[in-house]
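To keep things clear, I will list the structure first and then write my remarks on it.
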Amino acid sequence: MGFTFLVWNVEKFKTDNKERTKKVAQKIYEHNPDVFGLLEFKARGSARSLVTDYFPDYDFAFTYTKMNIEILVGWRRGYFKQVRYTQRLDLAASENLRPGGLVSFQQRGDRFFHNILFLHLDSGGTTNDYNNRRDMYKKIWKLNSALKKLKIQNKKSRLIVLGDLNVMGKDEGRKVSAKKELDNLKQDAKDAKMEMLEKSFDFTWKGSGRYPDSDLDHVIASSGLKFERWISENESKIWEIEVDGWNNLDTESERRKFAREISDHSPLIGRVTD
């Protein structure tokens, strides 16, 4: 049957800006996801308003933190045979950071579950920030391994981890570049029988001032999962994850306007085909 998924950091989102809310909803509608996660809801009331006004055909759950900056997870009502949502407190580096939002579902005709974990990891280049991310990566690998051992999963984890992983490197002490952290993450994923999926654009965060555009948002999946693939016109690039938003605009002024008025992060979209 397959399903389409989307994740997007909508940057301290509140629905008191009705024009911004409309544009965010329109962008999601363009991709018609069966499951999606929106990161950085500034207030839970915003989530309720967005759901009521724009997504009446979806069911929702969201994380709960002291910071009140949440992850909202939605899935198309009636599309799946069974859906379970779990707030993963173990995937918050501290009580002031967001836990993971895990949605697990059976497609009709399947006995096993697919599992999608939406994450927003610690940002920054301090040693503490860097170590927090490394700790969360290790928990992802453990979750993937644990799922594989469940009898109902038939020896396949079927885990997709996606979101703003804030792969920024480390500026203190023994420095680690963002590229090095990303390379290490890719290798660690491979060692854990997972893989980082290729994207249509590398940079997913629009920089401003002294900060350059950065590669912060990613999708990591259990090895063996099958995804729809796209290929560039000149056949020089193949990817499984479509990057939308400011990346697809023609001019730098248009891209900056999108980042300023809607979100400086790009939505990521993919489709599982098995």
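General observations
- Within the stretch 141-227, the GluC sites (Glu not before Pro) that combine a DSSP coil assignment with at most 12 other C-beta atoms in a 10 angstrom radius are E172.
- Residues Y29, Y64, ordered by accessible area of protein heavy atoms at a 1.4 angstrom probe radius and largest first, appear as Y64, Y29.
- Using C-alpha pairs below 8 Å separated by at least 6 residues, the relative contact order for the stretch 146-274 is 23 percent.
- DSSP beta bridges fully contained in the stretch 1-96 are about 65 percent antiparallel.
- Phi angles of the stretch 197-211 translate, via the Karplus equation with coefficients 6.51, -1.76, 1.60 and θ = phi - 60°, into HN-Hα couplings of 7, 6, 10, 5, 10, 6, 7, 10, 10, 8, x, 8, x, 7, 9 Hz per residue; Gly and Pro are given as x.
- Rounded to 5, percent antiparallel among DSSP beta bridges of the chain: 75
- Neighbourhood charge, 14 Å Cβ-Cβ cut-off, centred on S223 and excluding it, Lys, Arg +1 and Asp, Glu -1: +3
- Accessible surface of the chain [probe 1.4 Å, protein heavy atoms]: carbon and sulfur percent: 47
- Distant-in-sequence amide contacts of K237, defined by a placed amide H-H separation under 5 Å and a gap of 5 or more residues or a different chain, comprise S232.
- Rounded to the nearest 20 debye, the dipole size of the stretch 133-207 about its Cα centre is 520 debye, using +1 on the Cβ of Lys and Arg and -1 on the Cβ of Asp and Glu.
- Placing unit charges on the Cβ atoms only, positive for Lys and Arg and negative for Asp and Glu, gives the stretch 44-101 a dipole magnitude near 140 debye about its Cα centre.
- Where the chain is the region considered: accessible area per residue in Å², 1.4 Å probe: 48
- Take every Cα pair under 8 Å whose residues are at least 6 apart in sequence, average their separation, divide by the length of the chain, and the relative contact order is 18 percent.
- Neighbour-limited loop hits for GluC sites (Glu not before Pro), the stretch 34-129 (at most 10 other Cβ within 10 Å; DSSP other than H, G, I, E, B): E95
- The candidate values were (i) 53, 39, 39; (ii) 52, 48, 48; (iii) 66, 39, 36; the one computed from these coordinates for Cα extents along the principal axes in Å carries the label (ii).
- Among the trypsin sites (Lys or Arg not before Pro) in the stretch 84-127, those placed in a DSSP loop whose Cβ has at most 12 other Cβ atoms within 10 Å are R108, R111.
- Charged-residue dipole, Cβ positions (Lys, Arg, Asp, Glu), the chain about Cα centre, Debye nearest 20: 1120
- Counting charges near A259 (Lys, Arg +1; Asp, Glu -1) among other residues having Cβ under 15 Å from its Cβ returns a value of -2.
The values are calculated or read from the model by the stated rules, or taken from the named source; none is laboratory data. Keep in mind that this is a model prediction, so the values were computed, not measured. Counting neighbours? That spans all protein chains shown, and the Cβs are built from the backbone with ideal geometry, glycine included. Just the protein is used for accessible areas: all its heavy atoms, side chains included, with ligands, DNA and RNA removed. Shrake-Rupley method; radii C 1.70, N 1.55, O 1.52, S 1.80 Å.
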